[in-house]
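Peer 1: I'd like to ask you about the structure that follows.
Every number in this text was worked out from the coordinates using simple rules, so none of it is lab data. None of the values given here were measured: they were computed from a predicted structure. Reconstructed Cβ throughout: ideal geometry from the backbone, glycine too, with neighbour counts over all protein chains shown.
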């Protein structure tokens, strides 16, 4: 089972999750991929935003469901990361998407602009960061010189970048 950090567990319980919960996983999700376990446990749940902390941005709304990502996201970034990315949730009223890689790392993609970002080494780390308002680490494709995320422009020399 994919464990939830105590800091966000109640939000999942409030959305209808309980230990041992298991729902059908769409057939298009590859067997054995970490997305299977996540979607079996949390598929169909809607985790609502909480009030932001005084010094952070508002947290994200997550809708756990199978995604049909744009090829340039799942295929291109999957090739760059040398993994298979599977979409597991829409974020912030479909303004973004949440992905999990074959090795369990988690990433996000903006549906509003050309940004892709690292959310965490594990599902628990990523979802906790998203719901508690921690900023993700932007990523650059080889053909990009900069990307904007959270209203800030990041370049190849930005220390916040996630290098893959």
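Peer 1: How much length, in nm to one decimal, is gained on full extension between residue 93 and residue 65, taken as 0.36 nm per residue of separation minus their Cα-Cα distance?
Peer 2: The span from residue 93 to residue 65 would gain 8.8 nm if fully extended.
Peer 1: Right, something else. Whole angstrom only: what separates the Cα centroid of the range 97-131 from the Cα centroid of the range 59-89?
Peer 2: Spelled out, the Cα-based centre of one part sits 8 Å from the other.
Peer 1: I want to make sure I understand the PRE zone here: with the label point 7 angstrom from the Cα of residue 10 toward its beta carbon, which residues in the range 133-148 have backbone N atoms less than 18 Å away?
Peer 2: 133
Peer 1: Between residue 146 and residue 31, what is 0.36 nm times their sequence separation minus the Cα-Cα distance? Round to one decimal in nm.
Peer 2: Taking residue 146 through residue 31 to full extension adds about 37.8 nm, to one decimal.
Peer 1: Based solely on its DSSP helices, what 222 nm [θ] is calculated for the chain when runs of n ≥ 4 H residues each add -39,500 (n - 2.57) and the sum is averaged over all residues, nearest 500 deg cm²/dmol?
Peer 2: Using -39500 (n - 2.57) per qualifying helix, the result is -5000 deg cm²/dmol.
Peer 1: If you don't mind, there's one more thing I want to ask. By count of other Cβ within 10 Å, fewest leading, how are 130, 139, 112 ordered?
Peer 2: 112, 139, 130
Peer 1: What's the exposure ranking of 114, 92, 143, going from fewest to most Cβ atoms within 10 Å?
Peer 2: So the ranking, lowest neighbour count to highest, is 143, 114, 92.
Peer 1: Still on this structure: Quick one: Cα convex hull volume of the range 6-155, Å³ per residue?
Peer 2: Roughly 108 Å³ of hull volume per residue.
Peer 1: Roughly what angle does helix 123-132 make with the longest principal axis of the chain, taking Cα atoms, 0 to 90 degrees, to the nearest 10?
Peer 2: 80 degrees
Peer 1: Would you list 162, 150 from fewest to most Cβ contacts within 10 Å?
Peer 2: 150, 162
Peer 1: Another one. In whole percent, what relative contact order does the chain give with Cα contacts below 8 Å and a gap of six or more residues?
Peer 2: So the answer I get is 16 percent.
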